[in-house]
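Below you'll find the structure, written out as structure tokens, and then a few comments.
The values are calculated or read from the model by the stated rules, or taken from the named source; none is laboratory data. As the structure is a computational prediction, the values presented were derived from the model and not from experiment. Cβ placement follows ideal geometry from the backbone for every residue including glycine, while neighbour counts extend to all protein chains displayed.
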Amino acid sequence: MTDTNAEVLHLRAAQLREGLAWSQSLAKDFNGALDAYSARLTDLQLAVASVAQRSQACSSQALRTAQKNIKLARDEVEEMLGHLDTARQVEATILAGPRSNLAAFLKALGRLEASNQFLEKHRQVPTADSALQSASALLRDAMRLALDDFTATLKHHAVVPSASGHLFGGAPSRIGGESGLPAAQPLLPMLATPRVGSKLGEGQEDDSVVVIPALVAGHLRALAEVRRGLVEKALAGLLNAASAGEEARGSLFSRIQECQLLKGRTQYRRPYIPILKYCHWCARRWVAALKLLVGIVKSERAAAQAVWPPGSSETEQAFDEVVSRSVVAATHAGAFIVASKRTPEKVFGLLDMQEQVEAALARLAPTLEGTPAAGFLADFTQLAAMLRQEARATLEEFEASIGRDTVKHPPADGTVHPLAAYTLSFLKRLFAYEATLDTLFGNAANEAAALSAARRGEALERRRSEGMDEGVMTAVQGAVGHMLRVLLDNLETKARTYKNKALAALFLMNNVHYIVKAVESSEALSCVGQDWIERHKDLIETYGEEYQESSWGPLMALVGDGVNGEGRAWAKEKAGIKERWREINTALTELRDAQCTWTIPDPALKANMKDAVAEDFLPLYKMFMEKYNPEATPFTKNPEKYIRWSVAEVQRLIAEDLFEARERDAVIAASATKGAALGTRSSGIPVAS
């Protein structure tokens, strides 16, 4: 039994061990299953959580989209409502006009323009069409008010510039010159113009408000009408007078307006230009008008750029409409002067005009070059070419007229001929135009280059810095020498018309001396050279000797024959001596009666000639007097009957009567009075009572 129990226990222990092993195996499998379920639950939780999160995210996006759409719809509605109500909001400011508050007016005008553009795009909205009509009507009122204010401002400040200052005051040497150009001062006030932006915020200018397109045409028209009338009124008097002779046919500006315009401003059909009498006063007024016009062109350019953006088509159109007619009128008036009849005085007017045109080109080129208004420069360049050609032709005609002068009655007193005086005065005055001498004497082949340099403003500056070009100087020397040679030839021809050879010689001596003195005193005229001067000084001496030979030669022959005529037949008889004294008396009386009316205008030359006559004649006459008087050679009992001229009287004749251009009767009476007052003659012979 004990063995049986042991086996049972052993068996039960084996079973117990198997059960425990199975239980452990089951526990292990259960734990694995639990772990698997736990992992699957975890995966399920993760999957469920992802679905929830995605669902929640989709709901948030939809919500945000809905909110955004609602906000956009609300903004659009508010914008529409704002534009629908803009006309009512700005109506009071607009109707108050720009005078009351310019900044607020411009701001309201901008809002109204923007509202109109918006409503135009949304006309499908039922209420937008009626609102657009109201806004458009208010905008038209605003444009009318702005235009009225702009025009009123222009007219209020439309002060005509004074032309008298440019005609009489502050002129440079002669008439023209760059220094005479007026400063460019804007003539338009910076007030209510389309380009003035409203001052917003901290006082800064709002450049977004520039030009409202609907206002451009009206403002262009207003600016053109007011400013053009102002400019033409300022220039009318000067330019109408410059084209002398046109007044009878109407204003020059009216004539220009009647011309058919071709291709815009600069190409116009020029009417027939009559050949009028040249008037230097017309040239002076034209120069004054051009000075004024240059200042006006610059100021009107600045005014146009103050109203519209620089470089814009509106700026160019406004500027062109204001000044184009004035530029055409100025060039037209200049053409009338160029076409006038040629006189010597015309050269100076043309040179004044030429100098002023070159100064105007230099002044305007930096402003107008490269712009549509550069055509103005072409107008003035063309006029400068016309002035050059006409000035040269006029000078050539004057040079020819010196030789053609055929006045048959030269001065009766032998003084300087008016032709010589005028020619030298003309040349001196001509060379005062040193800055424009190349206009007359420069190489014609280089004329285009000269005009181009003038247009760039280089011509005047180069003349001031470098002086006269060597080629021009050579041409000047040749021209002056030729004119003087022609003048002297003409004077010699005139001298041959004198019947008295002594007076002819005196005439030539006076004129050549005048010419030489004028050449020596002028630095410009002395370009003919010192050799020319010395040659003609010798010529003066030659003419002086001819005068003495023709005038005093016969008298000196009579006196000298007596001094050296011991064996002469007449000297051996009383009758012969008496006859010789009669001849001497007659010769001296005729010489006094004739030459007291002659003249030598130069004091130094007159004194030299009197000294030369006295030195040659008085010693010889004194010797004759000493030899043939009643004491030395008794030939009469009445010496006063034959010896009528004492040495003192002859000396007084030479010193006081000769070349004094007096009346003959007055000289004779004065001589008789002084002769009677003498107590004794210089020879000591008593005067008969």
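Assorted remarks:
- Flag if His536 is under 40 Å from the mean Cα position of the chain (by Cα) and in contact (Cβ under 8 Å) with a residue 24 or more places away in the chain: no
- Residues that are more than 19 Å from Ala607 (Cα to Cα), of a type in the set (D, E, K, R), touching a helix residue (DSSP H, G or I) at 6+ places or on another chain (Cβ under 8 Å) and in a helix (DSSP H, G or I), drawn from the stretch 495-552: Lys501, Glu520
- Residue satisfying condition, being at pLDDT below 75, surrounded by 13 or more Cβ atoms within 10 Å (Cβ to Cβ), at negative phi and touching a helix residue (DSSP H, G or I) at 6+ places or on another chain (Cβ under 6 Å), within set Leu109, Leu84: Leu84
- Residue count for the stretch 507-524, restricted to those that are touching a Phe, Trp or Tyr at 6+ places or on another chain (Cβ under 7 Å) and aliphatic (A, V, I, L, M): 4
- Condition met for Thr415 (among the polar types (S, T, N, Q), assigned to a helix (DSSP H, G or I) and buried (at least 19 other Cβ atoms within 10 Å of the Cβ)): no
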